[in-house]
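> Submitted below is the structure of interest, expressed as structure tokens.
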Amino acid sequence: MQRIGVFVCHCGSNIAAAVDVKQVAETLKNEPNVVFAADYPYMCSENGQQLIRNAIKENQLTGVVVCSCSPRMHEATFRKTAEESGLNPYMVEIANIREQCSWIHKDRMTATAKAVVLGRAAIAKVRLNAPLTAGESPVVKRALVIGGGIAGIQTALDIAEAGYPVDIVEKKPTIGGKMAQLDKTFPTLDCAACILTPKMVEAAQHENITLYTYSEIEEVKGYVGNFRVKIRKKARYVHEDLCSGCGVCTQKCPSRKGGNEFNLSLDKRGAIYIPFAQAIPNVPVIDTEQCLKFKTGKCGLCQMNCAAKAIDFSQQDEIVEQEYGAIVAATGFNPISLDKFGEFGYQTYPDVVTSLEFERILNAAGPTKGHLERPSDGKPPKTLVFVQCVGSRDTSGRGKEYCSKICCMYTAKHAMLVREKYPDTEVYVFYIDVRTPGKNFDEFYRRAVEQYGVHYIKGMVGKVYDDGAGHLMVRASDLLANEQLTISADMVILAAATEPDKTARSLATMLTASMDTNDFFTEAHPKLRPVESPTAGVFLSGFCQGPKDIPETVSQAGAAAVKVIGLLSKNKLKSNPCVARSDSLVCSGCSNCEKVCPFGAITYTEAEVNDGTGKEIRRIAVVNEAVCHGCGACTVACPSGAMDLKGFSSNQIFAEVDAICR
Amino acid sequence: MQITKTIKKLVSEGKADRVFGWKKGELGFDTEPALFTEDFDSVVYNSLCGANLCKYMINETKKDGTVLLLLKPCDSRGLQLLTKEHRVRREKIYALGVPCRGKIDVDKISDKGIKGMIDIQENGDTLTVVTLYGEQTVPRQDVLYEKCLSCVGKEHVGCDEVLSPELSEDTTVNDRFAGVTALEEKNPEARFAFWRSQLSKCIRCNACRNVCPACSCVKCIFDNPSSGMDSKANADDFEENLYHIIRSFHVCGRCTDCGECSRVCPEKIPLHLLNRKYIKDIHKLYGDGDEAALLTFTKDDAEPSVVYERGEGHA
Amino acid sequence: MPMNENGEFTPLIVAFCCNWCSYAGADLAGSGRLAYPAEVKIIRVPCSCRVNPTFILRAFQKGADGVILAGCHPGDCHYSTGNYYTRRRMTLLFSMLEYLGIEKERTRVEWISAAEGAKFAATMNDFAAKIHELGECKRLEDLRCK
């Protein structure tokens, strides 16, 4: 027999002004099983909670109904209050008589009557509540970071520093990501390699970090604290443990036709190659599409010249299985393809390049050794035109509707670097708006304009074309002067919009993490939980969550690491006890529930069942409580009613319906 | 008879140790489901074998050995559902498809005013009904079950062997959804009146549920005192409605349209009109996928408001 | 027939709201003081996909004049796919109820996010007005309970 206490809160005058709280308490006292009813100005205050605690003890209450604000506000508070008096926290129900009643109904009689009905429904429900205990599951104290750019490296370093093992999986042959391809970084103009490569080395040498480069995620199973991941280590055809990184093989390779990815194919590389000088690991990889040995069966020069005997043409992909407590997505971004932007002539004219290509041209380790030379004839350009927002803030459907965020600043950087090193150049920047929020950002942009004399023109470029004499012509509008311009340019640099890496979507599917329509990972809360995915145990770092520059990426990477460390520092995870349960006596094992479960929480087993008609081996559904999120989809798919949801059982909901419709 | 020969052969080959089929009924000319462990000569298969036997397999396959099951095309779809939902141990069944040219509804013969039936003889498209008062002939087509006149198709699914499929004949004369469409075209008051007049006849004998291959729960929600839904009998108008609304919803997307519910209803309630309404809606809204309609979705499914938007008298 | 003091019909409306979006939307309507009729009574469920057709029928059986389900917008489900199942289930169920002659305006599904307090109030006002127009639900009611 339940003994229920009802506690009606005034919420100052928030409730009491519209609801006759005394009458509500009096009326509800007559409900079946109610043995105590009281009202109090602030039930959530320490004194109010003390009143509840005392009442539970003095009246041996088995159930508590608090008529107050929304359960989304104080359900947790009152559950804790109950627990402090030895009552199971799940024996508490809230009747929301503030948001759903006093705040919206002005008439005192109407509001009071409704408050009574809402209280009755809560009493009807709590009468059928059962004590629930949160399940516990162990936490595997190891983290996985997917993506080895600056975001992934920083997250991994921070986790590793806290003492937890962490694996980085990077699909390219080296870690470093986009930042490794950059020349200088805004707004301080320090060189990207100078600040990144020490971090890469640190990651490689850290005792808690394991690198899986040239590797991809094959499968993710499990749940927060207990993920099981299969990693495919693609065959490099070079044994990492044997290779000394001497690079002789890369020099001996006779194939020279492969586009050098690191330099965005502005130059060529061998079929066996190390992406760049400071690559980590410093181990070559064979491009089988270019390699003569793979194509024709003849050659093998690299193998003959390898003193370490590290080259193995028969190497196969390897699948590594590992368990993790937490997973961080740090999959980064790419510039969009400019196929749909024919007006800029990117596909037609070699001297029209993207900003990332321009980074390589400026870089001392790039295809031009850092000399500003245009791709068509290697001559130094005199007039350079930068075009911003190529595909960003684009509502035509060709590009992206969002602002790529980093382009304004890197374009200012490029313009400045060019004018600094080559004062005899003319530099134009076409922009829609210049957006420079950030520490020292606007000052940086103003330096480009004021100190370096870069010509900023508000307006879009309409067309880039050849004047017939081999000169690139840029036709654009100057919106402030309200005139059409035509500039003869030696080079045009396009700030192509950014987009999340293509692998992110398939990864999101494996992680059951959600994405927005632009394929950016969705955060659990856009403001308050920005580095967590809605899927427990999955965290977000860097550009994959939304456009970010390096300082923002590094801060977010650190934030994601802190969340991971917080998770891994726990020995056990408590799970929501309001999960589905299957009644083995009633379950028919039809598999319908399994088909609608979004989390794969339901499995089947052959079990001995005795429903009073004799023992029988039956196929029955089993809910993994650690995986179930408690949505209840299965309960409706189950025709027999064998599947029910703890805390929101069918009988509880029937009781609420009955109480309301009484 | 070809079927008896095949049965004997299959049993002698060890494919099965018993047979589930039909035997002569109490009236002499009718048939009823029966299990045979010997005397396979008494297995009957004729146009009076309307009953779908697949549901018996739930209990039959709990026993040892393998059972040879005779299946009409519509029955085979039921067995397929039971197999998919793990309700039968399919490996313990040898499914033998038997040809079908529609089954005869004896009540339809009685409805023609023919009394004192002793025997029914088939002669092509004509039936000779032998009665105490002499012989009468009836066109076969006139007395087929409703389920046969709107047959889904004569192809067997998932059988281990199909016997003489060339003997099956298409008996479909009606648009399967004509009955549903006719009701949809009425106004809500008329529809309500129709269903009230039909469902008020329900005596809750549960025959519809017991015969249905989709109603295979170990314990029905209506029989389970702890389900909050239990009701062994209809206490009032509402419960008459409730039972049939919930039952049809539970089989929604899974119903094979075998028509057994209507066939077995002693009150002749056209229960298939409920199931077919769901089937019609599913076809229209979600197409004919293999997956049960309620166990899957697409991101651009119709909104529930389509029900309001299509207006009155839609079809 | 339930009446208020002015002798007007006051219907009974049960609203099943998912915890993450629509219940929060109702909270937002409350904190914004956006009124809707007191006859709307909310039952909190974790997800709209928890709502079994039996709950809806039970409400009608016990005398509800209208039942509304509110959940996260398709694509925004807290459990990622729950409301997609709701959408199919309710589409088919409502179509069946209509087929049985139950006025279709008595059942409704709305997608209301946690940010849509105004939409919550507007939806409830609109639904209540419809039910007012229809009057008492006589076709699906357990007469014993009156």
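Quick note: the coordinates plus some simple rules give every number you see, no bench work behind them. Since the model is a prediction, treat every value here as computed from it, not as a measurement. Reconstructed Cβ throughout: ideal geometry from the backbone, glycine too, with neighbour counts over all protein chains shown.
> Within region C:1-53, report the trypsin sites (Lys or Arg not before Pro) that DSSP leaves as loop and that have at most 14 other Cβ atoms within 10 Å.
Of the trypsin sites (Lys or Arg not before Pro), the ones in loops of region C:1-53 whose Cβ has at most 14 other Cβ atoms within 10 Å are C:33.
> Work out from phi, with θ = phi - 60° and the Karplus expression 6.51 cos²θ - 1.76 cosθ + 1.60, the ³J(HN,Hα) of each residue of region C:119-133, listed in order in whole Hz, and give x for Gly and Pro.
My calculation for region C:119-133 gives 5, 4, 4, 4, 4, 5, 4, 5, 5, 4, 5, 4, 5, 4, 4 Hz in order.
> Here is a follow-up. How would region A:276-407 be classified by its alpha-carbon gyration tensor: rounded, prolate or oblate, with rounded meaning a/c under 1.5 and the a/b versus b/c comparison settling the rest?
Numbers: a/c = 2.26, a/b = 1.45, b/c = 1.56.
Verdict is oblate for region A:276-407.
> Okay, moving on. Using only the alpha-carbon atoms, how far is helix B:188-199 inclined from the longest principal axis of chain B? Give it as 0 to 90 degrees, nearest 10.
On a 0 to 90 degree scale, this one is about 40.
> How large is ³J(HN,Hα) for each residue in region A:451-459, as worked out from phi by the Karplus curve 6.51 cos²θ - 1.76 cosθ + 1.60 (θ = phi - 60°), to whole Hz, x for Gly and Pro?
Working through the residues one at a time gives 8, 9, x, 6, 7, 8, 10, 6, x Hz.
> Moving on. Residues with beta-carbon under 12 Å from that of residue A:4, excluding residue A:4: net charge, scoring Lys, Arg +1 and Asp, Glu -1?
On the way: positive: A:3, A:29, A:120, A:125, A:127; negative: A:31, A:93.
For residues surrounding residue A:4, the net value is +3.
> With +1 assigned to the C-beta of every Lys and Arg and -1 to the C-beta of every Asp and Glu, and no other charges, what is the dipole magnitude of region A:97-233 about the Cα centre in debye, to the nearest 20?
On the way: 19 positive and 14 negative charges, 210 e Å.
The calculation lands at about 1000 debye.
> Which distance in Å, rounded to a whole number, links the C-alpha centroids of region A:1-16 and region A:231-296?
72 Å
> Find the relative contact order for region A:580-646 and round it to a whole percent, using C-alpha pairs within less than 8 Å whose residues are 6+ positions apart. If you can, show how the numbers build up before the last one.
Values: 125 pairs, mean separation 31.2, N = 67.
Once normalised by length, the contact order is 47 percent.
> Using every Cα-Cα pair within chain A, state what percent have a distance larger than 40 Å.
Working: 107217 of 218791 pairs.
Beyond 40 Å sits 49 percent of the P(r) for chain A.
> For residue A:502, what is the net charge nearby, where nearby means another residue's Cβ is under 13 Å from its Cβ and Lys, Arg count +1, Asp, Glu -1? Could the numbers behind the result be given before it?
On the way: positive: A:171, A:505; negative: A:216, A:499, A:501, A:519.
Overall, the nearby charge balance is -2.
> Related question: Could you tell me whether chain C comes out rounded, prolate or oblate from its Cα gyration tensor? Rule is a ≥ b ≥ c as square roots of the eigenvalues, rounded for a/c under 1.5, then prolate if a/b exceeds b/c, otherwise oblate. Show your work: numbers first, answer last.
Details: a/c = 2.12, a/b = 1.24, b/c = 1.71.
Oblate.
> For residue A:485, enumerate residues with amide H under 5 Å from its amide H, sequence gap 5+ or separate chain, H modeled in the peptide plane.
A:476, A:477, A:478
> Return the calculated 222 nm mean residue ellipticity for chain A, to the nearest 500 deg cm²/dmol, obtained by summing -39500 (n - 2.57) across DSSP H runs with n ≥ 4 and dividing by the residue count.
Working: 17 runs with 178 residues, N = 662.
Only helices count here, giving -8000 deg cm²/dmol.
> Could I ask something else about it? What pairs in A:184/A:563; B:24/B:72; A:570/A:646; A:171/A:199 have C-alpha atoms more than 22 Å from each other?
Details: A:184/A:563 31 Å; B:24/B:72 18 Å; A:570/A:646 26 Å; A:171/A:199 19 Å.
Cα-Cα > 22 Å for A:184/A:563; A:570/A:646; rest within.
> So, with +1 on the Cβ of K and R and -1 on the Cβ of D and E, and no other charges, what is the size of the charge dipole of region A:293-425 about its Cα centre, to the nearest 20 debye?
On the way: 17 positive and 16 negative charges, 101 e Å.
In total the dipole reaches around 480 debye.
> With each pseudo-label sitting 7 Å past Cα toward Cβ, what's the residue A:365-residue C:31 distance in nm, one decimal?
With each label point 7 Å from Cα toward Cβ, the separation is 5.1 nm.
> If neighbour count is taken as other Cβ atoms inside 10 Å, put C:42, B:114, B:3 in order from fewest to most. Don't skip to the end; give the middle numbers.
Values: C:42 25, B:114 17, B:3 20.
Fewest to most other Cβ atoms nearby, the residues stand as B:114, B:3, C:42.
> A further question follows. What's the Cα-based Rg to Rh of chain B, Rh via Kirkwood? If you can, show how the numbers build up before the last one.
Details: Rg = 20.7 Å, Rh = 21.2 Å.
Expressed as Rg/Rh, it is 0.97.
> Hey, what's the per residue convex hull volume over the C-alpha atoms of the protein assembly as shown, in cubic angstrom? Each step should come with its number before you reach the end.
Numbers: hull volume 273.1 nm³, N = 1123.
That works out to 243 Å³ per residue.
> Which lysines does residue A:22 reach when only Cα atoms under 17 Å apart count, and residues fewer than 8 places away in its own chain are ignored?
Once the sequence-local lysines are set aside, what remains near residue A:22 is A:114.
> Turning to a different aspect of this structure: Which length gain, in nm to one decimal place, applies between residue A:569 and residue A:42 when the Cα-Cα distance is subtracted from 0.36 nm times their residue separation? Before the final figure, lay out the partial values.
Numbers: separation 527, 0.36 × 527 = 189.72 nm, distance 3.65 nm.
Extra length from residue A:569 to residue A:42 when fully extended: 186.1 nm.
> Any idea what the dipole of chain B comes to, in debye rounded to 20, about its Cα centre with Lys/Arg Cβ at +1 and Asp/Glu Cβ at -1? List each step's numbers first, then the result.
Working: 44 positive and 50 negative charges, 115 e Å.
Rounded to the nearest 20 debye, it is 560 debye.
> Which parts of region A:239-257 would a label at residue A:267 reach, counting a residue when its backbone N lies under 16 Å from a point 7 Å out along Cα-to-Cβ?
Only A:250-253, A:256-257 pass the distance filter.
> A follow-up question, please. Mind listing the phi-derived Karplus ³J(HN,Hα) values for region C:58-72, rounded to whole Hz, using 6.51, -1.76 and 1.60 with θ = phi - 60°, and x for any glycine or proline?
Taking θ as phi minus 60°, the curve returns 4, 4, 4, 4, 8, x, 5, 9, x, 10, 10, 10, 10, x, 5 Hz for region C:58-72.
> Then there's this: Which percent, to the nearest 5, of DSSP beta bridges fully inside the protein assembly as shown are antiparallel? Don't jump to the answer; show the numbers that get you there.
On the way: 76 of 150 bridges.
About 50 percent, rounded to the nearest 5.
> Another one. Using a simple spin-label model with points 7 Å from Cα along the Cα→Cβ vector, what separation in nm is obtained for residue A:506 and residue A:452?
Spacing of the two 7 Å Cα→Cβ label points: 4.0 nm.
> Ranking A:404, A:45 by Cβ neighbours within 10 Å, fewest first, what do you get?
On the way: A:404 25, A:45 12.
The fewest-first ordering by Cβ neighbours comes to A:45, A:404.
> Still on this structure: Toward the positive end of the charge dipole of the protein assembly as shown, about the Cα centre and with charges on Cβ (Lys, Arg +1; Asp, Glu -1), which of B:81, B:66, B:265 goes farthest?
B:66
> Using helices alone, what [θ] at 222 nm do you get for chain B, with -39,500 (n - 2.57) per DSSP H run of 4 or more residues, divided over all residues and rounded to the nearest 500? Kindly include the intermediate steps, with their values, before the conclusion.
On the way: 12 runs with 100 residues, N = 315.
Helix-only estimate at 222 nm: -8500 deg cm²/dmol.
> Moving to a separate point now. Would you kindly state how much longer the chain becomes between residue A:133 and residue A:239 on full extension, computed as 0.36 nm times their sequence separation minus their alpha carbon distance, in nm to one decimal? Can you show the working numbers first?
Values: separation 106, 0.36 × 106 = 38.16 nm, distance 5.12 nm.
Separation in residues times 0.36 nm, less the Cα-Cα distance, equals 33.0 nm.
> Let me ask something else. Suppose we keep just the alpha-carbon trace of region A:248-305; what are its Rg and Dmax in angstrom?
Cα radius of gyration and Dmax of region A:248-305 are 11.0, 31 Å respectively.
> Ok, one more. Name the residues of region A:487-507 whose amide N is less than 12 Å from a point 7 angstrom out from the Cα of residue A:469 along the C-beta direction?
A:488
> Measuring from a point 7 Å past the Cα of residue A:315 along Cα-to-C-beta, which residues in region A:266-297 have an amide N at less than 17 Å?
A:270-276, A:279-295
> Shifting gears a bit: 7 Å from Cα along Cα→Cβ at both residue B:130 and residue A:340: what's the point-to-point distance in nm?
So the label points at residue B:130 and residue A:340 sit 8.0 nm apart.
> Amide H to amide H under 5 Å from residue A:426: which residues, 5+ apart in sequence or cross-chain, H placed 1.01 Å off N in plane?
Result for residue A:426 returns A:383, A:384.
> Counting Lys and Arg as +1 and Asp and Glu as -1, what is the net charge of the other residues whose Cβ lies under 13 Å from the Cβ of residue B:303? Could the numbers behind the result be given before it?
On the way: positive: B:299, B:310, C:87, C:88, C:89, C:108; negative: B:300, B:301, B:309, C:110.
Net local charge, residue B:303 excluded: +2.
> Which one of A:495, A:506, A:481 has its Cα pushed farthest toward the positive end of the charge dipole of region A:476-518, where Lys and Arg give +1 and Asp and Glu give -1 at the Cβ?
A:506
> Sorting B:140, C:88 on the 10 Å Cβ count, fewest up front, what's the list? Before the final figure, lay out each step's value.
Values: B:140 18, C:88 24.
Going from sparsest to densest Cβ surroundings: B:140, C:88.
> Would you work out the relative contact order for chain A, in percent, from Cα pairs under 8 angstrom that are 6 or more residues apart?
On the way: 1457 pairs, mean separation 85.1, N = 662.
The value is 13 percent.
> Would you work out the Kirkwood radius for region A:334-499? I mean one over the mean of 1/r across all pairs of different Cα atoms, in Å.
Working: mean 1/r = 0.0628 Å⁻¹.
Here the Kirkwood hydrodynamic radius works out to 15.9 Å.
> Here is the link list: A:379/A:413; B:112/C:104; A:382/A:458; B:8/B:277; B:63/B:108. Which ones come out longer than 32 Å on Cα distance?
Numbers: A:379/A:413 22 Å; B:112/C:104 40 Å; A:382/A:458 21 Å; B:8/B:277 42 Å; B:63/B:108 38 Å.
Over 32 Å Cα-Cα: B:112/C:104; B:8/B:277; B:63/B:108.
> On full extension of the chain, what length is gained from residue B:189 through residue B:84, given 0.36 nm per residue of separation minus the C-alpha to C-alpha distance?
On the way: separation 105, 0.36 × 105 = 37.80 nm, distance 3.98 nm.
Stretched out fully, the residue B:189 to residue B:84 stretch lengthens by 33.8 nm.
> Okay, next question. Grab the beta carbon distance between residue A:189 and residue B:300, set R0 = 60 Å, and tell me the FRET efficiency rounded to 0.05. Mind dumping the intermediate values first?
On the way: r = 49 Å, r/R0 = 0.82.
Result of the calculation: an efficiency of 0.75.
> Something else now. Below 8 Å between Cα atoms, with a sequence gap of 6+, how large is the relative contact order for region B:175-304 in percent?
On the way: 100 pairs, mean separation 35.6, N = 130.
Averaging sequence separation for qualifying contacts and normalising by length gives 27 percent for region B:175-304.
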